[in-house]
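Below is one structure, written out as structure tokens; the observations come after it.
The values are calculated or read from the model by the stated rules, or taken from the named source; none is laboratory data. Owing to the predicted nature of the structure, the values given are computational and were not obtained by experimental measurement. Glycine also receives a Cβ, built like all others from the backbone with ideal geometry; neighbour counts cover every protein chain displayed.
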Amino acid sequence: MRYLRLLALFFRTELQYELEYRTNLALEIVQIVVIITTSVGAVLILFNYTTVLNGWDLGAMLVLLGCFYLVQGFGELVLQPSFEKFMEHVRLGTLDFALLKPASAQFLVTLRNFQVVQLGQMGLGAVVAIVGLGRISTLGPGEAVAFAVALVCGFVLIYALLLALSTFAFWFVRIDNLMAIYWSFLDAGRFPVDIYPGWLRVTLSTAVPVGVAVTLPAQAISGRLDLFGLAVLVVGSIAAFILSSLFWRVGLRSYTGASA
Amino acid sequence: MIDVYRALFVGQIQAASQYRVQSVLWMLFSVIRPVIFLAAWVAVANAQGGRVASYDVRDFAAYYVALSLVSNLATSWNAYDFEFEVRMGRLSPKLLRPLHPIHYAVVENIVWKMTTIIPLLIVLGFVAVTFDARFRATPVHLVLFVPSVILGGSLAFLGGWVIATSAFWTTRVHAVSTLWDRAVFIFAGQIAPLALLPGALQTIALVLPFGYMRGVPAEILQGAVDVPTAMLLIAVQAIWVAIFYALLQVVWRVGVRQYTGVGA
Amino acid sequence: MGEPIIDVRDLRKTFRVTERQEGLAATLRSFVRRQRRDVNAVAGITFRIEAGEVVGFLGPNGAGKTTTLKVLSGLLYPTAGEAHVLGFVPWRRENAYLQQMTLLMGNRTQLVWDIPAADSFRVLQEIYGVPDESFRRTVGELTELLELQDLVHKPVRNLSLGERMKVEFAAGLIQSPRVAFLDEPTIGLDVSMQSRIRRFVAEYNRRTGATILLTSHYMDDVVALCRRVIVIHHGHLLYDGPLADLAERMAPYKIITATLRDGAAATIDLAAYGTVTGRDEGRVTLKVDRQGAPERAARLVNELGENLADISVEDPPIEEVIDRVFSEERVGTAT
């Protein structure tokens, strides 16, 4: 409860700050709109030649693309700014301040900074998903719940991945190259994970789970994710979260010299 | 001039050797995006019984492998660097030197490409085998590919500089280059071979310069166009390079005057 | 005496540093087999600090001051030894402990650059769970003591270095800590801002009774604030006691300043009385053995007679004592 209040407070302070730079805000929104419309355009071009792609029709594809921007937007809303700040803290030695607070350091560091304008990306992603949804079957309450659960799992997976990658900063300080793995693979989320050849599909589902983080929510909302799949996703996400948090703690212990 | 370039090359090669690992990693990641669209088109082709218009699955593979190669050879991110230099006030000392800043960028680009070309070819070879790519190129195509990719690279480079020059007028180069990048995304052959762009889009793509940066060299290397068409396309590339060269001259001169006028 | 607030016993911290060679080949080689070396940052120090004390922690760069402060505030695990602060083991970083202490570093900032400090204060209030009532009171007090009225509503990046440090102080004290570790709190500030900060620390200590351990390169800070100092060098404790006795213990000499009458300066050689360390017109400074100082002074008065206008016997300036200690790199143990 206290953490939720803190989160709201972090968000509010950043919002205040971003509102001061209206031109920037407007330009960023324009960029988001351009990027998303061109991506929708790309999907439309593909579907100019087919009505179905590996079992995904146009409606389902739009839902998927919407989920992609929901997940990516979430990453850019809070994770990217926070993790970048985290690496800066390690570099400058200001991480100490977060460790001295009577609250979870992991929370204070990894959910601390927001790029509020990225809510626009999530919003637009939601619009694309809703448009896609309008083209396919009706949405039952079961699908809606499954979707919400799967989407949260997607967020958690992305969070766990970034947390694990950024933990290396405790040892190597400069890890921009490692983080680039995330950014380049994330792009693959714009298509269903099952269209990729074996090695890439395996990577996108396990080591760098950006593929499943997007594909499974999209399947859930169009009623194509069974209960078993959802259960696996939930368990997998929780496991990923716990494992990455443990890894972070190991990194932190090494940073404070506990294991040296 | 040759001596100057030799000196610049030595400096850049030394600098690049420090970032060797980094460059190779970035290059590897840059291959992922073409693979994403290749996979999508393979899925479309499979849904349509193995081919889309004139392209079958193996043609798509050849096209995107070629496009990856061309994209890497014809990419320059001077806009970001340049904006940074203008903003940090680092451009002024460079303007004082008796050498146009563009020469640094030329050398930087060439060196970067030299350091990444071999690992790139290895990775692309791997992709080509995975997707069973089939190139239809004849030896004549291969000969024509050389001037085509050089012109494509020059065009991308000059275009990037024109965009970068906007830093003289606005601090929001980022927004401008996003628009430019998205135009490249749509029209340069990234999301689809130019021949597969539907109706009006294809016409627009043939009129705009973007396709001549990447798509045209890629199609020549793949062997998708016949030799006379290829030569015609190369001629258009040359015209575009000339236009952008002239444009850059004008924009640069006006821009520097503006920049030094406000006193930075 | 009651339970000490800070109790450190034989504290040690050894860092293992990897030696790096230049060049790719060397980098690759070290990737396989690393060249490592142990550095004893803190090599076994023991001290106690009672409630309400303001203690100066002195030593040259690399002496182990910051390492010790980091261990005491819970940022570093020691290699060996014990430490208790407020009865807690710092490196367990229990919330109950973190709630009651603060670490301020003069060269690092915890404030968010782009937003006004007042917003950062609110965030800190929430993090520390300070009730609104006491938050308002604390901020009010700090605002008054540090004269922050105009500063807290400006984005931090628009503040001068000195202003930022004042705000930084306020941010570090939102939780009304019982123990404060100050690491170079006045570094880089101009003289008047330094003295402002000093007055603030003294006043804060007086008002709240908080225990303060501070490091500083500026002896003025220490002289103004600390009755007691702890001197460490190369990770060893050299001295722990009253500032006033530091010179006596660490500098086995005194300074005699003799002022000679006009004309006498040229003819009289004072080298017979001690080592002449300075000569300015008629004023001559002599360095003499501590025990022998009264006798030398008496001889000077007797033998110079009328030629002597004035004479004083003093301890050497504190900077000089410290300088001397560190330049001689003497390693000893203190009681």
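Can you say whether A:Ile35 is under 18 Å from the mean Cα position of the chain (by Cα), within 8 Å of another protein chain (Cβ to nearest Cβ) and assigned to a helix (DSSP H, G or I), as far as the supplied structure shows? So A:Ile35 fits the description; yes. Give segment C:94-130 a look and list any residue that's assigned to a helix (DSSP H, G or I) and facing another protein chain (nearest Cβ under 7 Å), or say none. If the condition is that a residue be assigned to a helix (DSSP H, G or I) and facing another protein chain (nearest Cβ under 7 Å), then C:Asn95, C:Leu98, C:Asp119, C:Arg122, C:Val123, C:Glu126, C:Ile127, C:Tyr128 are the ones that fit. Selection of segment A:61-85 for residues being surrounded by 23 or more Cβ atoms within 10 Å (Cβ to Cβ) and either under 24 Å from B:Ala47 (Cβ atoms) or more than 14 Å from the chain's Cα centre (by Cα) (or both) yields A:Met61, A:Leu62, A:Val63, A:Leu64, A:Leu65, A:Gly66, A:Cys67, A:Phe68. Within segment B:176-220, the set of residues being outside any helix (DSSP H, G or I), within 11 Å of chain A (Cβ to nearest Cβ) and either in contact (Cβ under 8 Å) with a residue 12 or more places away in the chain or more than 18 Å from A:Thr38 (Cβ to Cβ) (or both) comprises B:Gln190, B:Ile191, B:Ala192, B:Pro193. Step by step: first the residues of segment B:149-175, then only those that are in contact (Cβ under 8 Å) with a residue 12 or more places away in the chain and of a type in the set (Val, Ile, Thr), then the one that is farthest from B:Gly255 (Cα to Cα). Which residue is that? Of everything passing the filter in segment B:149-175, B:Val149 is farthest from B:Gly255 (Cα to Cα). Restricted to segment C:44-61, and to residues there that are touching a residue at least 40 places away in the same chain (Cβ under 8 Å) and in a loop (DSSP other than H, G, I, E, B), the residue that is nearest to the chain's Cα centre (by Cα) is C:Gly59.
One line per residue, one yes/no per condition, for (1) at pLDDT 85 or above; (2) β-branched (Val, Ile, Thr); (3) under 32 Å from the mean Cα position of the chain (by Cα):
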site: C:Glu3; (1), (2), (3): no, no, yes
site: C:Thr14; (1), (2), (3): yes, yes, yes
site: C:Glu19; (1), (2), (3): no, no, yes
site: C:Thr27; (1), (2), (3): no, yes, no
site: C:Gln35; (1), (2), (3): no, no, no
site: C:Val42; (1), (2), (3): yes, yes, yes
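Within segment B:7-49, the set of residues being farther than 30 Å from B:Val106 by Cβ and either modelled with pLDDT under 85 or at the interface with chain A (Cβ under 7 Å from one of its Cβ atoms) (or both) comprises B:Ile36, B:Ala39, B:Ala40, B:Ala43, B:Val44, B:Ala47, B:Gln48.
To keep it simple, each residue is scored yes or no on (1) within 15 Å of the chain's Cα centre (by Cα); (2) crowded, with 18+ Cβ neighbours inside 10 Å.
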site: A:Cys153; (1), (2): yes, yes
site: A:Leu165; (1), (2): yes, yes
site: A:Phe170; (1), (2): no, yes
site: A:Leu178; (1), (2): no, no
site: A:Ala188; (1), (2): yes, yes
site: A:Gly198; (1), (2): no, no
site: A:Leu204; (1), (2): yes, yes
site: A:Val210; (1), (2): yes, yes
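For B:Ala40, are the conditions met, namely being within 25 Å of the chain's Cα centre (by Cα), of a type outside the set (S, T, N, Q) and crowded, with 19+ Cβ neighbours inside 10 Å? So B:Ala40 passes the test.
When C:Glu133, C:Glu168, C:Glu144 are checked against the criterion of being in a helix (DSSP H, G or I), within 14 Å of another protein chain (Cβ to nearest Cβ) and charged (D, E, K, R), C:Glu168 stands alone in meeting it. If the condition is being in contact (Cβ under 8 Å) with a residue 12 or more places away in the chain and in a strand (DSSP E or B), then segment C:71-91 contributes C:Ala80, C:Gly81, C:Glu82, C:Ala83, C:His84, C:Val85.
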